[in-house]
Each structure stands twice: as C-alpha cells, then as structure tokens.
There are 4 protein chains.
Amino acid sequence: MIYFLSEEGAFKEAVSRSSASYLMVNIYGKRVALAWPDEDAPRLTTGASFMTIRRPYVLSSREFKPEDTFVDVGERVRIGPDSLTVAAGPCSVEDEGELLELGSSLKRMGADMLRGGAFKPRTSPYSFMGLGEEGLRALSRARDELGLPVVSEVLDAASLPLYKKIDMVQVGTRNAQNFPLLQALGEFGKPVLLKRGMGNTVEEWLGASEYVLSRGNGSVVLCERGIRAPGSPTRFSLDVGAITKVKRLSHLPVCADPSHSAGESDLVEPLALAGVAAGANMLLVEVHQHPEMALSDGDQQITPEEFSSLVNKARALWDLLNRAGVKERDELESRLRDRVRKHRRDSGRGGTRPPELP
Amino acid sequence: MIYFLSEEGAFKEAVSRSSASYLMVNIYGKRVALAWPDEDAPRLTTGASFMTIRRPYVLSSREFKPEDTFVDVGERVRIGPDSLTVAAGPCSVEDEGELLELGSSLKRMGADMLRGGAFKPRTSPYSFMGLGEEGLRALSRARDELGLPVVSEVLDAASLPLYKKIDMVQVGTRNAQNFPLLQALGEFGKPVLLKRGMGNTVEEWLGASEYVLSRGNGSVVLCERGIRAPGSPTRFSLDVGAITKVKRLSHLPVCADPSHSAGESDLVEPLALAGVAAGANMLLVEVHQHPEMALSDGDQQITPEEFSSLVNKARALWDLLNRAGVKERDELESRLRDRVRKHRRDSGRGGTRPPELP
Amino acid sequence: MIYFLSEEGAFKEAVSRSSASYLMVNIYGKRVALAWPDEDAPRLTTGASFMTIRRPYVLSSREFKPEDTFVDVGERVRIGPDSLTVAAGPCSVEDEGELLELGSSLKRMGADMLRGGAFKPRTSPYSFMGLGEEGLRALSRARDELGLPVVSEVLDAASLPLYKKIDMVQVGTRNAQNFPLLQALGEFGKPVLLKRGMGNTVEEWLGASEYVLSRGNGSVVLCERGIRAPGSPTRFSLDVGAITKVKRLSHLPVCADPSHSAGESDLVEPLALAGVAAGANMLLVEVHQHPEMALSDGDQQITPEEFSSLVNKARALWDLLNRAGVKERDELESRLRDRVRKHRRDSGRGGTRPPELP
Amino acid sequence: MIYFLSEEGAFKEAVSRSSASYLMVNIYGKRVALAWPDEDAPRLTTGASFMTIRRPYVLSSREFKPEDTFVDVGERVRIGPDSLTVAAGPCSVEDEGELLELGSSLKRMGADMLRGGAFKPRTSPYSFMGLGEEGLRALSRARDELGLPVVSEVLDAASLPLYKKIDMVQVGTRNAQNFPLLQALGEFGKPVLLKRGMGNTVEEWLGASEYVLSRGNGSVVLCERGIRAPGSPTRFSLDVGAITKVKRLSHLPVCADPSHSAGESDLVEPLALAGVAAGANMLLVEVHQHPEMALSDGDQQITPEEFSSLVNKARALWDLLNRAGVKERDELESRLRDRVRKHRRDSGRGGTRPPELP
C-alpha cells in the first residue's frame, strides 16, 4: 500500500490508532508513506490520497513510477533508457598494474565503466577469494587514473565502509535475497547493481530491489545473469524474457550479464547481443588479457579484442532499436503521466487499482 | 562412427564378419556408411577412410559437414546463413477465407512462409483440435493463391500422406523424440521443422535430428521454442544460448519461435529480436487478425500490425549482424574445407578425432 | 463438462442445436456424455444431470470418480489401493533364455510382473534399439512359462498389433504427449502404464491420461519417473510431491520408477522406498543379472540380490503405512525400542551404521 | 588437499617456501592442515602424510571421515544415524504464551526439538518480519521451561550475539551461500542447520558446509527443503535423491524439511515419510495451533493433531528401515498379510481406501 502524503501528521495519528506497520521514504523526489498489512488500509485513509498494490514490491513498480529511472554512477555515467552502458573488466582484480593496462584498453574500446572482483564468493573455501581490500584500492586508483567509474561486488554489510571509493556496489546472485545486506545498501546510498538469484522469480527479484528502495536509495540497476534451467547447454540460461518482462513491471534500468550465463567465452558475444535485443540498458562483461591464466572463471572471460567486437556490435544494435524510439518514448511518458494524474484526480481517495500501462 | 566409403563391397564384407549394425545413407551429395557400436570399428576399416564420433549425432555435426546447410522450401525459399526467413500465420487454421486474407497481409508485410496448425496437439482432449484435413487443404490453397510456401505440424506417421501439398512439415515439442515419426519424415523427404523438446538437452535435440538425416533427408531446420525453466516469467524460457550453441555443433539452420516462449503477445517482439541476435536463421511467429477471438493460444498471437513492426526490426537487426559477414563466412568455410580435406588426407584410415572447428 | 445421462436422445438433440463437440464414453460402468467448449453448456442441460469441470481432465479426476480405481493386469494382478504391485525385469530383453532365468528369480523374490523393453526409444539412432518383435515374443513366452503378466513399451500405434500377447502396454516419457498413440491405446483396451513426460506438469500428465480414458479404456496407471530439475544430483529428480498430489487429484493408481530417476544403481532402493512412502501403488524396477554387461542403461540396473532387498523393504514399508493396525504397530515399536536400546548398549555410541535389513 | 599432520613445523616451513594458501583446523578430534591450490601440493609433502581431494569440499567428505557424524544439540539431543530427530514448531514465533502451549503439546507428541522463526527472511519488505529479539527470548524461555532444545534462523553475522541461548542456528535457503555468515557460524561454534539453496547442486551445498567446518565447527546438519523444479506441483520439489546422494558423499547428518517443499499442509506428511525413507536423520516440521491465523506461511503449517500422526508414522518407518531385525519383521509381515486377507474378505473388493493408521 502506498500513500502519497498530503498531511503527515494526520497519517501518523491514524497509524497510531491502528495495528499497521509503516515506513516514511524520501525517494525520487517524493515523500511517501508505506503501510501494511493491507487489511489496515481503510483505517489510515484520513487526509492522504493513496493507492493499494498487492505485490511484494511497490516503489520499484511502474504503478508507482511510470517513467523510466536513470541511475547516475560517478559524474559521467547515467544508466537508463537513453543509452547503452557497458561495464567491463576482469572477474577478479589480480594485479594493479594489469588492471590499469586492461582498463585503459577497455576505455579506448568503448567501455563506460570498469568492473573487477575484490571479495569473491566462491563455491569452495579453498578457491582464490580475491585480493580483498587491496583489490578495492586498485580499483579506486584505476578510477582516478582512467576517469572510469568502478563497480565491485560486496559480500556483507560489515565490509561496506571499504566501498567508499567504489562508485557502484554489486550484489551477487548468492546474496540476491540477503535482506540485511540489501537494507544496509539502502542506507549506504551508492548505486546498486542487483543480480537476480539463480533460482529467483521476477517477483522475488523486484522484492529484493524493494529492500534497497524502501530505505530511500532509488539507484538500483537490475542485473539478469542467467538461471539454472534443465537442458540448457549454457552454464546458466540467460532469461531474455525476464529482461523484457521486468522492464514492463518496473521503471528500474536492467543490465544483462552474458559472461556468467555463457560459461564459455565463445558464447559471450551472442548472449550480450540477445540481452540488448531484449531491452537491456546495460551490459556487464568479464574481460581478461590472458583468460587462460585467470585465477577465477577463466573459461568465460573474453579477450580485449573480442570485447572490442562485442561492444561495437552491441552499440550498433542498440542504436538501431532505440535511437528512433527516444523521441517517441518521451511522448509516451508524457501521455502516461497525464493519464496517471487524471486517474488519481478521478478516483480521489478510493483504494482502486491504478490504471494499467498501455 | 562414420565411414566415407571408397569401396562399398569391401565395407559390406567386413560388416558381415562382425557383429556391427550399419546403415548406408545418401546425404548432402555423399554416400556414407555408418556402423556401430564403436567397439566393432577396428574390424571394419578395410578399404574405407573413416572417422569416429562419439556423440549421439553424426550426420548433423560440424565434424561431418563443416559448412552451413541450406534448406530449400518450395521453389523460392532457402533457409540458411544468407538470409533471415520469416514464417508467420495463425496458431490454428480456423477458416479458409480468413487464412487467405491474413496470408495476403503477411506476405505484403514481409513474411516468406505461411504457418498454420491443422492437427493440433492439445493438453486436453476437450480442446479445439484443429480443422484437420480441411485445414491442410486451406493451407495448400493459400499457397497456390499467394505463392507462399506453407508449414504445418504433423502428429503421426499415419497422417503423412495428407501432407503432400504442404511444403514443410513441423514436428512439435511433444513429438520431439517420437522416433518412429522422425524416421518416417526421413523417408517422406519434405523439409522438416524440428522443435526442441521442452525438457531436452541440445544433445537430445541433435540426436532427434539424426533420426531424420540417417534416413537420407538432410533438410532439417532446428527450432528453439523455449524450455521449462523454474523462475522464468515467460511460459517457456527462450534458451538463446542453445540457439548459439547448436549452431556451433551443427551445420543445420536454426529457427526461433518467440510465440510459444512468450505466452503473451507483449513479449513476442523482444524475444524474436533476441533470437535473431543469438544467431537464428529463421523466425516462426503466430499472428491472428483478432487474437482475442482465436480458438487456441489467443494470448500469445500478435496482430498483423505488430507483426509488421517485428519483421522490420528483425530484418534490420539481421542485416546489421550478418550482411557484412556473408563474405567473410564464405572465406572461412573455404578455409575450413581445405583444412578438413588436409586432415583426412593426412590421417588416412586412422580413427582419430576430426580437427576442431576454429 | 460432464453429463451423467438420463436420456441420451434428449442430449443428442440438444447438441445438434448447439455448436458443441461431444463424446459418448462407456467407462467404469457408466455411460457418460462429454461436451465442450464450456460456453455451450447451458444449452445442453435438458433432461440430463451434469457437472462442469474446468480442467484439462475430467474422467481421471476425483470429482468424477471419488473412489480409487483398480487396474487388473492378466488374471492375477490387481494394481490399486489394496496392495503394492512390483514389476521388475531388464531394461531391454536381450536373450530369451536369460529373460526366463531372470524372471524365474524375480518371481521367487516377490515380483508380481515382468518388465522388459523390446522397442527401445534411444537418444541416438546408433544405439541398441531392442530386439523388436522377437523381444515381445520372448516376453510372452516368459509370461506363459512363469505365470507372470508382462509389461513392455510401445513406440507407435502402428506396432500395437504386435502387443496382443503383452498384458500391459507402457508409454514412455518421450511419448507422454503423443496424443494419437494415447488415443489408439484407448481403443486397444489393454491396461496402460503411462509415464509422466520429463518436463510435464501434473495437469499435462492427467490430460494425457484423459486421451486414453475418453476412448473408453479406464485401465491407466500413472508412472512418475523423475523430472529434469536443475541442481539435482540424480539423472531425473523423483518428484515425490507429484506422486502424492496426483493421487489426490485422480483416482488412478500411481507407479514410481526409481531406476530412471536414479541413473545409478546405488540410489534405486532409497528412491523406491521414498516412492512408496509418498503413496505409490506400484514400483517399476530395472533388474539385470549382469548390469555391467547390459546393452542399455547398465548404470541404473540393479542385481537380483539387490532387488530382493528392495522388494522386502518396500513391502514391509507399504504394509506399515497402509495396513498395520494400532495394536500391531505399537507392539512392534515397543519391541523395536527395546532392540535399539540393546543395540546401543552393545555397540556403545560409535558412529557405525545400524544393522541392515537382510 | 588434506594434510594429516605429523610435524606442524615442517609443514609451515614448506608452505612458507611455496605460494600455497593454508589453514590449520582442529576438527573431529584431529589437527588438520589444508593447503591449496592443488598445483602446490608436491612441494608441501615433507614430513606429513596427506591426501588430495579435487572437490569443493574436503572436511565434509566421506573420504576425510568415513563414519557418520553425530551432532549434539543441547544436552539430550544427538542427531545422527542412531535415531530420528524431529524438530517442530511454528513458522514464526508470534506470542510467548502460545509458543509454550504449542511446545508442550509437541513435546508430549514426540518432538525432540522446538523450532520457531524470530528473524524471518521475507520476499517483500512489507511482510511480517518476525518478533526479532523478543522471539528469541520467547524461544529460550520455552527451552528452559520444556527442556526441549530450540532451533531458529539467523540472517546475518551481526545478530549472532543474540543467539547465545539458542541451541542450534539455522541458515535459510536464501543464505545458503552467504559465505561471511557461514564463516561466522564456523567460529560461533553452535550446531548449524544448513538448508540447501533452492537452486544449488549437492556440490555447492557441501561447499557451503565446508565454510563452517573449515573454521573448526564440525556440527553441521544438512537440510534438504526442496528445489525449484519446472513442472512440479509442489512449491519446491523435495529432492529425495539429493538426501540419499549427499549421505553417500558426506558423513554429516541430513534433515528433510517437508513443510517448505509441500507449500500446502495436505502434502506435508507424505513428503516427511518420503524424506525418512530416503535416509533423512531428522525432520523439520512447521506446526501451528491455528494455521489459518498464522502471520506467515499459513498454508503449509499443520495442526498438532496432524503432527502427532506424522511423527508416529515417521518413527515407525524409521524403525522399520533402520532397526527391525529379521524375525520381528517377518512376524509382522505374516500378521499383516493375515490382516489384509481378512480386510479383503470383510470389505469385498470395493475401491475404498484402506484403514488409516491412527
């Protein structure tokens, strides 16, 4: 249930007389009150226009915010409907010098952001776990030197203070429903790249994003990285339908990760292109100078040369499918906004469903 | 195990002294002897150069035939690496007049082939089963009138005589491992559109194609239509990785069916584009003048107008990714052929593995 | 929609004035009229008491027939709620002499039926396909000699005439939605062992059974043989929940096939027991004198000795859950507790395995 | 790679000259050195007998410790091969008085442990999250009063200090690969009930357990709670094959959670029995006095009366499979056969259900 507040005092008073739980959130320039469970709604309506949404997610839904969200990373990168953002880099940061050299090549080839793992979640405790804090330092130096914002995965809330000089914090598939971590990221405030759990539904994925948004951090990019599907020849099946579907349900930008889906370097480019064709706003690609010598995930990392081919094709494809559409989209969104506004005016305080998006 | 025969007589004599099973196949302009199980191979080598392939499929593999296969349908359609073939039409043929009208629109919008179900496999025996023979007659009349080749699904070998005026015979996901039907199609000789079983691996899919090829019919198009994947928001998850992977393993053309994957019309276009981006040579799309009135699968059928948008984007995307490549491909294939020829010459009768494709 | 007919004439007259499709079925001692689609129902009600069921299956539902169905196979076997039926035998019939010898052992050990594949569906056309008609003849001779009814898989309707001396006809997972075959079996009249498709839902499975029942053959046993589940360590994950669920939805007996689920002989016994614990009325087990020499599925076949252990435990377990009265069980438990106490006293608390059942 | 140390000094010296990472662990009464990656092994062998294991898990493997492990919880409960341990209780602790009352009933009915959620991981942040610290206090008071050890889920390492009076700490499916949490539990020292991730393989599950063991805590019970399987009618498919398989690969006890698999109360008992039949050493069952009023997971919670039936059957089944001597079973079977014969004689051959166990 969402409240768009007119009078906060009246709302709090109403809540104090009911059994409802509630949360006040400042997000996307609005002050919003959320209250649950739904049964208590009728008692809370005094002085506030409101909508009811019976889904695990509210703030990340198109009903709440029809227009696409832009997520700013650093000063120059803006992830969203107007461009294709490409983040690339090694699975793990292994050496600062190599990272700088690779980052410099990737920037020249067209990468917008640099990715690199410092704290690595590994199936076995006897695998290379990443350089840890040293890896994060190498990333932040690469950022300063190259002028590329950096993204790196975090494993627990306790480590967040180490991520102050990291521009975007990634939540991996194994932590996709680690709710205390998601809440901590909601308060940390940096943009979040939120992978889908390998066995999660789209509802669960959006529910996870809601943990970040409901703490006031609206800068979340959803990342599809493949699901375990019986019979698929890839390590994880890139669920292109989920990319498309989640964009209809949510205003958040969507990223495709072809590297973890593919599991072998040969398949990375076609999966990246499929992701863009399905509507992804961003790509996250693992690149290594010498994949055969990588300390982790060597099979799926591509070379800088292969990356160059990938990024060129992906951008051409994105332009083909989206350029023409940017203007149209702006028109559509303006119409949608009018429509939602009108619906709200007409329905007043009634708890009816919001208008369906066309 | 494959034998490229030099002396058929010597081969047969060797087989008669062993316990091996064997098959003589005329395919792709070659006369091939296949013998199994593998243990008996050494006894059969007299007078024949041969290769051993330890996979469920042989004739459909790139080791056997490195260059892409073209499948001719009717007189004007050639499915393969040089173009994107688009087949469109209603889930079920419901009325001859409507079919003609729809087919005429689709042709004008850029469809290469007309699809339509006459015998429909339905989960329940109390669903609309299609018009049967009457549906096939309507299709063949549409073909004559519009000059578009037609494709329709067959459910059992006994009905094949009814498909004489159908240009391409489709095997549905529920019959993807109906081996007697596949063998009958091998002998029937018409081009086959072979869907992947909804729970099948790529190896099983190619094994199924091998049932057709091993009876001498090399005109098989593999069709990915989505797999049951837990957590996916689409009815079936379009396994784009399988499209890419099967093209590396096999020389057969690959079709993507976005309609059955999507399960809802909204998602058909992006899935179609993802399929093309992943490398599909063909699209199979369900279109209906009035999807809301369709007797089957109304939710996933798109309107002719939506089809027009889809086909335009898909062709632009295909051109972008492939046009430049056609020339390169021809060069690559010619190099591959030389390499395989050289390998065969060098390795003589030895049972070594064939050269890996680059 | 189901009609329990009072006046057939009135029903037919009503149908002739509507657009409904209909079927008259004699099944389970009733004469039933089925009509669809549901929209036409109201026009058909004259003179007939009726029910509406909005599911893909009607005759196989508990709504239609609340009490459990018994399926008689041959003269002595009755599959249903009063006993556990065990069918065992080789994956493929390889030799008549061996089959007789094995069948004789299995009968002595407690098997109720003999299973054996004659026409085998194999992923690759270059695998052992079974002895075909010769295999069926061996089975029917074994039946005559041993007095055990036999069950064997059929691949297409055209081969059904060869199954006249086979007591029960099996439909494999690859033909689980081969609707023409299912309809032919409905008319053939022999009991059917209907495997669940490896990617099928319970609704689809019951829909498949409905194709047999709606042709007047009510003798169907549903067989769960495992589904493709991502992450499962077995070849197919035995879906015990489906066994339980399908028994609640349908009156048909349910069989568990632990051999195809397990994929390795070690796991066959515990999966068989889990199937019985979940409510299976029947077990289908692959047994071979020398699994390591089997021409197909050697890994999952167990030896006669292992079968003997399995069948004893399975029967004891079935009896415990289905037959034991309060007093007997209580006495047993008290004795068992004494024994356990004694065992612990004797063996200390070391981590050894408890005594095996013989 | 495992080292069983003879001389720790020599080992450390060898490591200091190599690039290997290593860990010294005191576990199961041994002092063990673990070193990786495997390539560095040969350089480390001086003065130490060792084994190499190329799997994500070492300490949890049967190769390392062939005999079954017992996990002691509190003073009276010992989970392992000699008995079936049953933990039961509400999904969430909702009220201390109700918890005491329920716990008292469950103890009388045969539960060995009391379970209850205090911190609940919920798909949506707008769901009931549990009573938190207050819930843990209620559990520890119930423990003191009833003398039953308690188990409750933890969501992050930061909350562990609150679990000092909880006897066993549960890791949920969403945290199954939350490696920092698992390491913290390795150091916390309390017994851990480790659920399998809903999309995890057995290798990943054992890899997760290894994070606990490698910090010196050997008291881990593995809990199968169902996986997302396409086509299954249950919320999660209870993977009985995984229960059996993991017991062969590992010495750790295994628990089955039928409640989360079932998703509906009707299916809980048969799934529990299937789990025991497959070899589970423990059951974890959700019970609520008034499931229809539960604040979470009401659909899958059973009543105390249903629990009583479940626990009696489960114990009888466990005894049968694990304890019963030949003579007892044979006598039972003969009596049962008589009873069945009598039952058939009395009831004719009608299709009624057999007498239920009370």
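Just so you know, all these numbers are worked out from the coordinates, no wet-lab data involved. Predicted model only: the values in this text are computed from it and were never measured. Note that each Cβ is placed from the backbone with ideal geometry, even for glycine, and that neighbours are counted across all protein chains shown.
For A:GLY226, the amide hydrogen comes within under 5 Å of the amide hydrogens of A:ASP239, counting only partners 5 or more places away or on other chains and with H modelled in the peptide plane.
Computed from Cα positions, the angle between helix D:96-109 and the longest principal axis of chain D comes to roughly 80 degrees. Counting only alpha carbon atoms, the long axis of helix A:133-146 and the longest principal axis of chain A meet at about 90°. Across segment C:71-322, counting alpha-carbon atoms alone, Rg and Dmax equal 16.3, 46 Å. Principal-axis analysis of the Cα atoms of chain C puts helix C:240-249 at an angle of about 30° to the longest axis. Think of it as helices only: each DSSP H run of n ≥ 4 in chain A is worth -39500 (n - 2.57), and spread over all residues that comes to -10500 deg cm²/dmol at 222 nm.
At a Cα cut-off below 23 Å, give the lysines reachable from D:LYS12, other chains included and same-chain residues fewer than 8 away excluded. Within the straight-line limit of under 23 Å, D:LYS12 reaches these lysines: D:LYS30.
When cysteine pairs in chain D are screened for C-beta atoms closer than 4.7 angstrom, the residues that find no partner are D:CYS91.
Residues of segment A:287-309 with an amide N closer than 19 Å to a point placed 7 Å from the Cα of A:GLU101 along the Cα-to-Cβ direction: A:287-296, A:298, A:301-308. Legend: P(r) of the protein assembly as shown from all alpha carbon pair distances, 10 Å bins from 0, whole percents, reading 1, 8, 15, 20, 22, 19, 11, 4, 1, 0. With the charge dipole of segment D:71-322 set up from +1 on Lys and Arg Cβ and -1 on Asp and Glu Cβ about the Cα centre, the Cα lying farthest toward the positive end among the listed residues D:GLY216, D:GLY197, D:ALA87 is that of D:GLY216.
Let me have the relative contact order for chain B, percent, based on Cα pairs under 8 Å that are six or more residues apart.
Working: 738 pairs, mean separation 63.9, N = 358.
Worked out over chain B, it gives 18 percent.
Set the bar at 20 Å for Cα to Cα. Now go through D:LYS107/D:LYS164; A:LYS165/A:LYS190; A:LYS120/D:LYS190; A:LYS190/D:LYS195; D:LYS195/D:LYS313 and name every pair that lies beyond it. Intermediate values should be presented prior to the final figure.
On the way: D:LYS107/D:LYS164 23 Å; A:LYS165/A:LYS190 10 Å; A:LYS120/D:LYS190 26 Å; A:LYS190/D:LYS195 31 Å; D:LYS195/D:LYS313 24 Å.
Among D:LYS107/D:LYS164; A:LYS165/A:LYS190; A:LYS120/D:LYS190; A:LYS190/D:LYS195; D:LYS195/D:LYS313, the Cα-Cα distance tops 20 Å for D:LYS107/D:LYS164; A:LYS120/D:LYS190; A:LYS190/D:LYS195; D:LYS195/D:LYS313.
Full extension of the chain between C:ARG108 and C:ARG31 yields a length gain of 23.5 nm, computed as 0.36 nm times the residue separation minus the alpha carbon distance. For A:SER21, nonlocal amide neighbours, meaning residues 5 or more places apart or on other chains whose placed amide H falls under 5 Å from its own, are A:TRP36.
When DSSP beta bridges are limited to those with both residues in the protein assembly as shown, what percentage is antiparallel, rounded to the nearest 5? It would help to have the intermediate numbers written out before the result.
Details: 76 of 180 bridges.
The antiparallel proportion sits near 40 percent.
Using the Cβ-Cβ distance between C:LYS164 and B:MET24 with R0 set to 35 Å, the FRET efficiency works out to roughly 0.55.
Using only alpha carbon pairs under 8 Å that are at least six residues apart, calculate the relative contact order of segment A:145-259 and give it in whole percent. 20 percent. Using the Karplus relation 6.51 cos²θ - 1.76 cosθ + 1.60 with θ = phi - 60°, the per-residue 3J(HN,Hα) values for segment C:252-268 come to 6, x, 10, 10, 10, 10, x, 5, 6, 5, 4, x, 9, 4, 3, 9, 5 Hz, with x marking Gly and Pro. Scanning chain B for GluC sites (Glu not before Pro) that sit in a DSSP loop and have at most 10 other Cβ atoms within 10 Å, the longest stretch containing none of them is B:76-355. Using the Stokes-Einstein relation with a Kirkwood hydrodynamic radius computed over Cα pairs, the translational diffusion coefficient of segment D:93-221 at 4 °C and a viscosity of 1.567 mPa s comes to 86 µm²/s.
Could you list the trypsin sites (Lys or Arg not before Pro) in segment C:100-178 that lie in coil according to DSSP, counting only those with at most 16 other Cβ atoms within 10 Å of their Cβ? Can you show the working numbers first?
Details: sites: C:LYS107, C:ARG108, C:ARG115, C:ARG122, C:ARG137, C:ARG141, C:ARG143, C:LYS164, C:LYS165, C:ARG174; in loops: C:ARG122, C:LYS164, C:LYS165.
Those that pass, being in a loop and sparsely packed, are C:LYS164, C:LYS165.
When A:GLU13 is represented by a point 7 angstrom out along its Cα-to-C-beta vector, the spacings to that point in the other copies are 7.3, 8.2, 10.8 nm, nearest first.
Suppose every K and R has +1 on its Cβ and every D and E has -1 on its Cβ; what is the size of the dipole of chain A about the Cα centre, in Debye to the nearest 20?
Computed charge dipole of chain A: roughly 1600 debye.
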